[in-house]
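The structure appears right after this line, and notes come after that.
Just so you know, all these numbers are worked out from the coordinates, no wet-lab data involved. Small disclaimer: the values here were computed from a predicted structure and weren't measured. Neighbour counts run over all protein chains shown; Cβ positions are idealised from the backbone, glycine included.
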Amino acid sequence: MATLSEWTAGSRPRTLPVAVAPVVAGTGAAYAIGDGNPAYALLALLVSLLLQVGVNFANDYSDGIRGTDEVRVGPVRLVGQGLAAPSSVKFAAFTCFGAAAVCGLALVALCGHWWMLIAGALAIVAAWKYTGGEHPYGYLGLGEIFVFVFFGLVATLGTTYSQAGSVDVTAVSAAVGIGAIACAILVVNNLRDIPGDTVSGKRTLAVRIGDAATRKLFASMFAIALLAVVVAATQHPWALLALLGLVPSVKSVRTVTGGATGRDLIPPLAATGMTILAYGVLFGVGLFLSR
């Protein structure tokens, strides 16, 4: 499985940060409410990580069989570059989704909030439908909505609710901030891919609104993340720690709004992945200290 190793190590540097950030922030929010649970947090992390890896495999498979990845500036793609059989990549995607479902079921059984199974099932369906199926919404310019809702709101608030049994304004603020930066990752990724996506017929939001507007959208996501911290800090001042997590975004915003294209957008993409990790962890730590 050398090709799989290459794929996981080199082409998805943002997988772990996007999975970890909402769980740490959500757990911090649970402690701020008054009832965190490390064991539940670990299960939530496994669900988040497995879904993120599963989405990556699913996108690799679906884009590959459609020919979207035949000409690519970014990281390695298994199917598009002929490094693995499509059936193997599809099997890997559903294996991850299945494992995420098992971990999610265990979490729900422990916390007792059975309605969360609906949210989990919707997350798996949305993960596949992003680029899979007859009418993938990622090709309709709706990918950012999916990312904001599931890797921001659902992941963060689901983590908080499973532990504390409730959510508050602070938890929602953390979820919005995490979701905004997760969207920024997708925005800069799609900005880089505008030329190839335009040719292949993949109508991402970046393709639809154009180069200039996409660059402004990228910058605005960090403004939303900053505002989310300010709102949370009105109740829990230690939440201001999360502002330190936004420091790496300054250079990224300058690079993107300065007109970088192609491979020059890869560093901002990687930096945004590190930003969401730092932001989520520091947000969670700040809320934990405020408990």
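Things to note:
- With a Förster radius of 30 Å applied to the beta-carbon distance between residue 264 and residue 226, the computed FRET efficiency rounds to 0.75.
- Of 202, 90, the sequence from fewest to most neighbouring Cβ atoms within 10 angstrom is 90, 202.
- Contour excess over end-to-end distance, with Cα ends at residue 257 and residue 134 and 0.36 nm allotted per residue: 40.8 nm
- Over the chain: helical MRE at 222 nm, DSSP H runs n ≥ 4 each giving -39500 (n - 2.57), nearest 500: -23500 deg cm²/dmol
- With a Förster radius of 35 Å applied to the C-beta separation of residue 87 and residue 289, the computed FRET efficiency comes to 0.10.
- Translational diffusion of the chain, µm² s⁻¹ [Kirkwood Rh, Cα pairs; Stokes-Einstein; 37 °C; 0.692 mPa s]: 174 µm²/s
- Prolate/oblate/rounded call for the stretch 144-291, Cα gyration tensor, a/c under 1.5 rounded: prolate
- Across 62, 252, 200, mean-square fluctuation computed from a Gaussian network of the chain (C-alpha pairs under 10 Å connected) peaks at 200.
- Note, ³J(HN,Hα) from phi for the stretch 206-218, Karplus 6.51, -1.76, 1.60, rounded to Hz, x at Gly and Pro: 4, 5, 6, 9, x, 4, 4, 5, 5, 5, 5, 4, 4
- Each residue of the stretch 155-167 was assigned a 3J(HN,Hα) from its phi angle through the Karplus expression (A = 6.51, B = -1.76, C = 1.60, θ = phi - 60°), giving 5, 6, 5, x, 4, 4, 5, 5, 9, 9, x, 6, 10 Hz with x at Gly and Pro.
- When the pairs 90/202; 202/251; 129/251 are compared against a 31 Å limit on Cα-Cα distance, 129/251 fall above it.
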